[in-house]
Amino acid sequence: MNDPRIRPVPAPGAPIAEADLHAYADGCLPAARRTEVETFLASHPQDRARVETWQAQRRVLHALLDPVLDEPLPLRLPLRPPPRRMPWRALAAAAAAAVVSAGAAWLARGELDARRALAAQSQAAAVPHYAQRAAVAYAVYAPDRGRPVEVPGSQEQSLVAWLTRRLGAPVRAPSLGAVGYELVGGRLLPGGAGPVALFMYGAPDGRRLTLYVTREATGGDAAFRFTREGPVNVFYWVEGPFGYALSGAVSREELQRVSQEVYRQLSPG
């Protein structure tokens with residue numbers, strides 16, 4: 001009988017299918033089939049780029065969600081059958097003790113949950129939404145080697161004019177050649193309540209950074225702020241009508257060095 005929930009392992013030499021690529025990205029293929037998929041990807045750069053994007057997204061999700069596995073288990077009372085028949089007075093006393101213990105346990109659990117909730121709320125409130133969106137945008141688009149941007153860097157003038165028109169204020173793409181990065185291109189993204197510009201930069205060794213530009217972050221100061229979302233580091237600040245967030249899977253020191261150059265070019269004067 002065929003069980004539709006069981007996916008058969010393809011025979012050696014079978015054509016590489018979409019399911020094989022997903023299984024390869026998840027690390028679920030047998031050794032022989034994995035070798036065949038690697039040979040296929042070596043001669044199909046577009047499929048290789050898709051697989052690398054899936055693998056990068058998988059790493060980001062694991063980094064964000066794996067800490068949940070380390071949370072302590074809820075407090076529970078040991079439930080054991082009584083070793084012998086108890087008189088009713090002793091049984092009533094035991095029941096009262098159990099009620100008190102259960103109440104204390106749930107109070108302790110409630111206090112622990114409340115403290116965790118307050119800590120999570122404080123941490124989330126300290127990081128603006130646009131900085132978190134910037135980290136997600138980096139995780140989605142930076143690993144894509146096929147089409148990471150909508151408009152390439154070779155059309156920088158058209159790209160800047162388009163993004164300026166859509167955001168309703170003059171947008172600039174910093175020149176980062178002096179710090180080792182060149183403009184790959186850019187794209188338009190949806191923000192929380194309007195359009196957002198995303199510029200992507202690349203280094204000769206393959207590292208990429210993204211500059212997230214939004215009008216939804218006015219009212220803050222121009223000081224650098226730092227946050228980390230999984231493996232993605234982010235420096236963010238507010239200048240004039242825009243909020244900026246530079247993101248990358250690089251060291252904090254490297255990202256700060258480039259952020260200072262971006263700030264120097266975009267700040268008034």
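No value in this document is a laboratory result; all are computed from the given coordinates. Quick caveat, the model's predicted, so the values are computed rather than measured. Neighbour counts run over all protein chains shown; Cβ positions are idealised from the backbone, glycine included.
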For the stretch 199-212, what does the Karplus curve 6.51 cos²θ - 1.76 cosθ + 1.60, with θ = phi - 60°, yield as ³J(HN,Hα) per residue in whole Hz, taken in order and with x for Gly and Pro? 9, 10, 10, x, 9, x, 7, x, 5, 10, 10, 10, 10, 9
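Suppose we look only past 24 Å in the calculated P(r) of the stretch 122-269. What percent of the Cα-Cα pairs does that tail hold? Walk me through the intermediate numbers first.
Details: 2377 of 10878 pairs.
Cα-Cα pairs of the stretch 122-269 separated by over 24 Å account for 22 percent.
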Can you sort Phe40, Phe242, Phe199 so the residue with the fewest Cβ neighbours within 10 Å comes first? Phe40, Phe242, Phe199
Placed amide H near Glu216: partners under 5 Å, 5+ positions off or other chain: Gly243
